[in-house]
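Read the structure below first, then the notes.
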Amino acid sequence: MTSYPSTRPAFLALTCVGFIATAPAHAADAAEAETIVVTANATSRVELDSAKAVAKLIDTPRSIVVVDKEVIKQTGAATLVEALRTVPGITFGAAEGGNPIGDRPFIRGFDSQGSTYLDGVRDLGAQSREIFAVEQIQVVRGSDSTLGGRGSAGGTINIVSKLPRAKTFAEATISYGTDDYKRVTADLNYKLSDTVAVRLAGAWHDQDVAGRDALYQKRWGIAPSVTIGIGTPTRLTVSWYHLKTDELPDSGIPYLYTVANAPLGYSLSEPAVGTVTTIGGVTGKVDRSSFYGLKDRDFRDTKVDQGTVRVEHDFGSLTLRNTSRYSRTAQAYIYTQPDDSQGNVFGSNPANPATAGGLVWRRANTRYGYTESLVNQTDLFGKVATGSIEHSIAAGVELSVEKARRGTFVTRRLLIPTGNSAGFETLSTGSTLTPRCTAAAQSRYYCTSLFAPNPNDPWVNYASDTSTTPSPIVRSLPVEETQNDADTQAVYAFDSITLTDRLILNLGVRYDRFASKIRPGQPVAATTGFALRRTDRLFNYQVGGVFKPTANTSVYASYATSATPPNSLLGEGLEGNALGTANNPAIPASLKVEKTKSKEVGGKADVFGERLSLTAALFDTRTVNARVLSDANTATFVGKRRIRGVELGFNGQLAKGWTVFGGYTYLDARITDGGFTALAVAANGGRPATTVQVVSVNTGKRFPQTAKHSFTAWSNVDVTPRLSIGGGAFYASRVFGGYADNRSASQNAAGVITVVPATRVIARSVPGYWRFDARVGYRVSDHIDLSVNVQNLTDKTYFSQANASHYATIAAGRSAFATLGLRY
């Protein structure tokens, strides 16, 4: 393969119907096992060869962003989240509502946690992904079910692995920086013969977190692979990926207000950072470093193992490929949510020290579990002609089996009502105490000071909130664990039809049979369990047309669909349409598939001699069948969401030695129908207590986890042949986490119900921010280079995630690290 420097842009070759699977190249340079083919022209434009890639990027009627290895290297990214911060329009959600800790990207306002792929194969399990074995990251935006099956409406993320190449090389980096930052990576590729090569990537990482107290992150990983048959019609690639992590998870900063203690009218409830005055009149400062977790209790351990076997054979202009992967992800954690649910932070009653504010409840969220999947994909792709019309085709079959099982950490205790049988309850954290932060709760460190929390507090777990008997923390019994299973059978076909030199038609269809079941956890005393099942048959399609005024410009229009069936995440994400936990088969049978339709128009141009790629897109996405409550207080499927937006992008060279990457996104995202909310109505006279339904506070509001405006720009300039400087600017406007109001209802003796309008409405949110990064690099020789990265240059205090309630995740402060790079 021809190597290319950081000054050369990377362009993704895909169609609107072309998914982003990855594998050994089938072209003349088949020696490249999966990845990049550099054309021999003065501009060295890069195109990705992929099973479902049936057109060049400029001929693809879809908005696509590629974060290549040079951008990853220059920005100092070590995780998927850090790499994706360079892409405008992507925000990240927190662990909440049963959603486990892990990467949770939102694309175009939609949760895409379940639409993450590794080399074109779905990567379901919740995890925090590393970057050491990553060649590039591809973001395909818009309704994605034709591309990969069940998925979100926002788009797809595909991670391209480092796999063997047809040459020998070795690269290594050693980094050290502030906050005890230490990182070592290695990437070794050896050509054993003209037809066989092996590659080994690895990393070891250990750091504290800048601007945050007590936190640490440790991990190591290794990714060996071998390709046999390089340069021949038949090729075999076998690879393995292993990652193990150990960290103290961050709980962020609590919100200041609840709907009960917020000021009258509409209020933004933001994280309580900086100068805060409680309802009791106490003023103090909440430092950005404030950590409300407990070192004696909190932890997070994860492990990922993935093995892949890929075989392919060329039949002239067509290639047949089969990919099989086994994947297992496991994680266990206890982490603190700094809970504000009872008004502990601002306070509710200044007359009582327990409710006068300035306190934070250390709510413990716990989980352990694993996911396993076995996926087999068979693809046939290449070019054929029918008369004067050229077709670039791809067709395939996907078969998969997936399983996810989870439980919680609990306290062992004796179940008195049932005799001497062993049983379990949640950790002793004060959850049964009212008010939450009594003096006793504080003495046991269930609650801590808002202004001066101590993560070294000697917390002890007791048999209950009032017991004085210490109790071990154990895993729940197998009968209490929840298991989800799923089977998928799918067929798909894509065609990029070159009608004339100026007109291209892109078509794609996919059919999925998705069958899933859930076995909910049962009480300890239960002797039998049950399973809920559902099968969905999904048909999705997309169509696009491309008009090319010149060879290097195009305008396009496309239409695509997406389908999210019930239980699509198998409990590994925030499930909007779960099968349920009650033994009632009628519940899963009554559910509906959430459906989305996306319209998009745009234009692309490769300018400056094809050195710089410019893109623009306008889109409209609408979702129906979202699960909400009806006016009868039952689940119904009338929820609707609508998002319109503009996306602009740039990638390549402005001049020789001057590269740029980034873009701007505007998202107008609204919940057009959020259903209803039930208000409790107290009994009056002979009239019993009841409920009344009111329109949800969410209706008409902006999407959570979605920035209306976002901008990113990264640039690198070669000042001299050896010296380079780079920098980045990243902006995101306000992001909302959730909404609440204090509407109430009452009835008179005649049963006439009156709804009292809200006097308080709160929007939990985090403010917008600008962040700046910088880099200086120096090439000592052809084999040695040095660089220094400074992240969050101005030490900006900002928040990277907004929870629906309780807390927001605060970003790291200013940090710097130096890297020594070695290559052979």
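The values are calculated or read from the model by the stated rules, or taken from the named source; none is laboratory data. Predicted model only: the values in this text are computed from it and were never measured. Positions of Cβ are backbone-derived with ideal geometry, glycine not excepted, and every protein chain shown enters the neighbour counts. Heavy atoms of the whole protein, side chains included, go into the accessibility calculation; ligands, DNA and RNA do not. Shrake-Rupley method; radii C 1.70, N 1.55, O 1.52, S 1.80 Å.
Worth pointing out:
- Fully extending the segment from LYS303 to LEU374 would add 23.8 nm, taking 0.36 nm per residue of separation and subtracting the current Cα-Cα distance.
- Per-pair calculated FRET efficiency, R0 = 22 Å: LEU654 and ARG722 via Cβ, rounded to 0.05: 0.60
- Each part reduced to its alpha carbon centroid, the range 101-167 and the range 491-551 end up 15 Å apart.
- Paramagnetic reach from THR283 in the range 336-358 [backbone N under 12 Å; point 7 Å along Cα→Cβ]: none
- Modelled spin-label separation between SER733 and ALA172, with each label point placed 7 Å from Cα along the Cα-to-Cβ direction: 4.9 nm.
- For the pair VAL607 and ILE473 in one chain, pulling the backbone fully straight at 0.36 nm per residue adds 42.1 nm over the alpha carbon distance.
- Using only side-chain charges placed at the Cβ, +1 for Lys and Arg and -1 for Asp and Glu, the dipole size of the range 596-665 relative to its Cα centre rounds to 200 debye.
- Modelled label positions at ALA351 and VAL646, each set 7 Å beyond Cα in the direction of Cβ, lie 5.6 nm from each other.
- Shape call, the range 60-175: gyration tensor on alpha carbons, a/c limit 1.5: prolate
- The calculated FRET efficiency for the pair LEU188 and VAL238, based on their C-beta separation and a Förster distance of 22 Å, comes to about 0.85.
- Percent antiparallel among DSSP beta bridges (both partners in the chain, rounded to 5): 95
- Each label was represented as a point 7 Å from its Cα along the Cα-to-Cβ direction; for ALA586 and ALA525 these points are 2.7 nm apart.
- Within the range 730-752, backbone nitrogen closer than 16 Å to the virtual label 7 Å beyond the Cα of ARG687 toward Cβ: 744-752
- 14 Å beta-carbon shell around ASP487, net charge (K/R +1, D/E -1): +2
- Sequence ranges 531-544, 158-171, ranked by mean other-Cβ count within 10 angstrom, highest first: 158-171, 531-544
- Adding -39500 (n - 2.57) for every DSSP H run of four residues or longer, then dividing by how many residues the chain holds, sets the calculated 222 nm ellipticity at -500 deg cm²/dmol.
- Take 52-61, 605-614 and order them by the average number of nearby Cβ atoms within 10 Å per residue, most first; the result is 52-61, 605-614.
- Efficiency of FRET from Cβ geometry, TRP204 and ASN552, R₀ 35 Å, rounded to 0.05: 0.20
- Low-density loop positions, trypsin sites (Lys or Arg not before Pro), the range 90-153 - DSSP coil, at most 11 other Cβ in 10 Å: none
- For the range 124-211: rounded, prolate or oblate by the Cα gyration tensor [a/c cutoff 1.5]: oblate
- Rolling a 1.4 Å probe across the protein heavy atoms gives the chain an accessible surface of 38 Å² per residue.
- Charge-dipole axis of the chain as Lys and Arg at +1 and Asp and Glu at -1 on Cβ define it, positive-most pick from ALA750, VAL491, TYR326: ALA750
- Only Lys, Arg (+1) and Asp, Glu (-1) charged, at Cβ; the chain dipole about Cα centre in debye: 1100
- Surface composition of the chain: carbon plus sulfur atoms contribute 59% of the solvent-accessible area (1.4 Å probe, protein chains only, all chains present).
- Percent breakdown of C-alpha pair distances by 10 Å bin, ordered from the shortest bin, for the chain: 2, 12, 22, 26, 20, 11, 5, 1, 0, 0
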